[in-house]
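A short worksheet on the structure shown next.
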Amino acid sequence: MAVAAFIAVMVETIIIQQRCVDAVKRMNHEKTASVYDVKFQRKWMDSCDESEQRQMGQAAFKAYRAAVNTCLWLWAALIVLH
């Protein structure tokens, strides 16, 4: 039962990602990457201009900082609760 639910969630995630990528590709015709391609991230980054790459870098750094801060606070809370 759990395996079937996991597979269903994975299929749903891939379909949602494909629809999002297709929507962006309809707006920007220079984008040519496919979600099913093994080198999707590299092809997508190559089709982006400098400002889009900079925005992705800033978003990635913010996500990294949020994850680090969350882990730090969870670690501290677990130490105190221990």
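Tabulated results
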read-out	value
Test for residue 30: is it open to solvent by 90 Å² or more (accessible area, probe 1.4 Å) and touching a residue at least 12 places away in the same chain (Cβ under 8 Å)	yes
Search result, residues across the stretch 1-22 that are small (Gly, Ala, Ser) and surrounded by 10 or more Cβ atoms within 10 Å (Cβ to Cβ)	8
The stretch 44-68, residues that are among the basic types (Lys, Arg), more than 15 Å from the chain's Cα centre (by Cα) and either open to solvent by 100 Å² or more (accessible area, probe 1.4 Å) or at pLDDT below 95 (or both)	54
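The values are calculated or read from the model by the stated rules, or taken from the named source; none is laboratory data. Just so it is clear, the structure is predicted and the values come from calculations on it, not from any experiment. Glycine also receives a Cβ, built like all others from the backbone with ideal geometry; neighbour counts cover every protein chain displayed. Areas reflect the complete protein model, heavy atoms only, side chains present, ligands, DNA and RNA absent. Shrake-Rupley method; radii C 1.70, N 1.55, O 1.52, S 1.80 Å.
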